[in-house]
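J.: Questions regarding the structure given below will be posed in turn.
The values are calculated or read from the model by the stated rules, or taken from the named source; none is laboratory data. Since the model is a prediction, treat every value here as computed from it, not as a measurement. Because the Cβ atoms are built from the backbone with ideal geometry, glycine has one as well, and the counts that use them run over all protein chains shown.
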Amino acid sequence: MFRFLTSGESHGACLTATIEGLPAGIQIDVDKINKELARRQQGYGRGGRMKIEKDSVEIVSGVRFGFTLGSPVTLIIRNRDWANWEERMAVEGSEHGDRVICPRPGHADLSGVLKYQRQDVRDILERASARETAARVAVGSIARQVLAACGICVASHVTDIGGAAVAPKSRSIAEILRDKEGSDLGCVEPAAEQKMKQLIQAAKEQGDSLGGVFEVVAENIMPGLGSYVHWDRRLDTRLAAAVMSIPAIKGVEIGAGFEYAALPGSMAHDEIFYEPERGVYRQTNRAGGIEGGMTNGQPVVVRAVMKPIPTLMTPLASVNIATHEAVKANTERSDVCAVSAAAVVGEAMTAIVLAESLLEKFGGDSMEDIITAVRHYQRRIAW
């Protein structure tokens, strides 16, 4: 079983991830992992932390001479800002520094201190921080390398920030990568991106924040990943849960998603055709590549909406958890808008779920065995 676990706090010494269930023989390109980590840190509207952290990964187990061994792989991402937080986040010793006692609306702060019976919101916010997603991006990069060995690729783009949106249309990965090249927001339409930037700048000047929507596309996926047999094995179940687990994501749709509410059945489904030279094919992809909980051979298309970041420089009303007095919420160093970063994390989580499903279906102890099984399956269904 492919699975992973992350650990670490936002201002702790490091983030770690342990990956279990990787077959032996995957060639791991560390530069590709670091490239994905750098992508997560970019984007117009990001905060000061991104100028401090230059994330890079250390692999400390499960890889030898560039190839996985079949044993657990452990990744470490050092927090460069740890030097400034070592006393406040020390593992041993007594409490140092002021407690955070004014929880932020929209964050895990208040529910966390109640659930875990803590007196300092920092005990909650350090782990609840989106900083944790750097570890997920590193895991996702390894998942992408598994998928790439089987010809599957994943990409994303930002489709909406603050109401400034790109024209809705089906886009291939080649088009996405071409059209968003050089974009500060991972947006495929320069005119829309310019409007997004103006809105982000206005929000920054007002001490506010903005959310938006991103889309993830995966191509070259064979039919049959996932299952209709049990609810928790459906691929759309897994994808929705994985993407929704990203901090600040409040909605996920696959394919036409919520547009289905306005469509009659005659316009909602992807008709099936056959030609000898093409085999079975579809002319539309309203299902987003998933029918009955399984991939159908079409590109998988997942969209997610990210709420505005809850840490505001013009803070909202809150309550002091020690005195119960009315106060303004705590402020932490934060972003104005991080939708472009969330899109990179969305790619990672999509790649992780697809890799998990791929290994589940074609499982073997070596990558060569898996590739052989994939090729056999593709020949069998080639009609």
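J.: Looking at (1) within 19 Å of ILE76 (Cβ to Cβ); (2) in contact with a helix residue (DSSP H, G or I) (Cβ under 6 Å, 6 or more places away or on another chain); (3) not aromatic (Phe, Trp, Tyr), which is the one condition that is false for GLU126?
T.: The number of the failed condition is (2).
J.: Those residues that are surrounded by 18 or more Cβ atoms within 10 Å (Cβ to Cβ) and either farther than 12 Å from GLU356 by Cβ or charged (D, E, K, R) (or both), I need them from region 222-243; list them, please.
T.: Step one: list which residues in region 222-243 are surrounded by 18 or more Cβ atoms within 10 Å (Cβ to Cβ), which gives 222, 225-227, 234-236, 238-240, 242-243.
Those that are surrounded by 18 or more Cβ atoms within 10 Å (Cβ to Cβ) and either farther than 12 Å from GLU356 by Cβ or charged (D, E, K, R) (or both): MET222, SER227, ARG234, ASP236, ARG238, ALA240, VAL243.
J.: If ALA174 satisfies every condition in (1) among the small types (Gly, Ala, Ser); (2) out of contact with any Lys or Arg (no Cβ under 6 Å at 6 or more places or on another chain); (3) over 19 Å from PRO299 (Cα atoms) but one, which is the exception?
T.: (3)
J.: Hey, can you tell me all the residues within region 1-33 that are within 20 Å of the chain's Cα centre (by Cα) and within 19 Å of ALA130 (Cβ to Cβ)?
T.: Those that are within 20 Å of the chain's Cα centre (by Cα) and within 19 Å of ALA130 (Cβ to Cβ): PHE4, LEU5, THR6, SER7, GLY8, GLU9, SER10, CYS14, LEU15, THR16, ALA17, ILE33.
J.: Now for a separate question. If PRO299 passes every condition in (1) surrounded by 15 or more Cβ atoms within 10 Å (Cβ to Cβ); (2) closer than 30 Å to MET222 by Cα; (3) at pLDDT below 95 but one, which one does it miss?
T.: The one condition PRO299 does not meet is (3).
J.: List every residue pair whose Cβ atoms lie under 6 Å apart, where the two residues are 6 or more positions apart in sequence or sit on different chains, the first residue falls within region 130-151 and is more than 20 Å from ALA248 (Cα to Cα), and the second residue, located anywhere, is among the polar types (S, T, N, Q).
T.: GLY151/ASN220
J.: Filter region 132-170 down to the residues that are part of a helix (DSSP H, G or I), buried (at least 21 other Cβ atoms within 10 Å of the Cβ) and within 12 Å of the chain's Cα centre (by Cα) and list them by number.
T.: The answer is THR133, ALA134, ALA135, ARG136, VAL137, ALA138, VAL139, GLY140, SER141.
J.: When region 313-335 is examined, which residues are found to be of a type in the set (D, E, K, R) and part of a loop (DSSP other than H, G, I, E, B)?
T.: Residues satisfying the conditions are GLU325, GLU332, ARG333, ASP335.
J.: Which is assigned to a loop (DSSP other than H, G, I, E, B) and either surrounded by fewer than 18 Cβ atoms within 10 Å (Cβ to Cβ) or of a type in the set (Val, Ile, Thr) (or both), of ALA382, ALA373? Steps first, answer last, please.
T.: Details: ALA373 fails: assigned to a loop (DSSP other than H, G, I, E, B).
Just one listed residue meets the conditions, ALA382.
J.: Moving to a separate point now. I'd like the full set of residues that are of a type in the set (A, V, I, L, M, F, W, C) and more than 15 Å from the chain's Cα centre (by Cα), limited to region 327-367. Reasoning before the result, please.
T.: Let us first name the residues in region 327-367 that are of a type in the set (A, V, I, L, M, F, W, C), namely 327, 329, 336-339, 341-345, 348-349, 351-355, 358-359, 362, 367.
Passing the criteria: VAL327, ALA329, VAL336, CYS337, LEU358, LEU359, PHE362, MET367.
J.: How about region 104-131: which of its residues are closer than 21 Å to CYS14 by Cα, assigned to a helix (DSSP H, G or I) and touching a Ser or Thr at 6+ places or on another chain (Cβ under 9 Å)?
T.: Of everything in region 104-131, those that are closer than 21 Å to CYS14 by Cα, assigned to a helix (DSSP H, G or I) and touching a Ser or Thr at 6+ places or on another chain (Cβ under 9 Å) turn out to be ILE124, LEU125, GLU126, ARG127, ALA128, ALA130, ARG131.
J.: Within region 313-358, which residues are surrounded by 22 or more Cβ atoms within 10 Å (Cβ to Cβ) and in contact with an Asp or Glu (Cβ under 9 Å, 6 or more places away or on another chain)?
T.: Answer for region 313-358, where residues must be surrounded by 22 or more Cβ atoms within 10 Å (Cβ to Cβ) and in contact with an Asp or Glu (Cβ under 9 Å, 6 or more places away or on another chain): ALA329, VAL336, VAL339, SER340, ALA341, ALA343, VAL344, GLY346, GLU347, ALA348.
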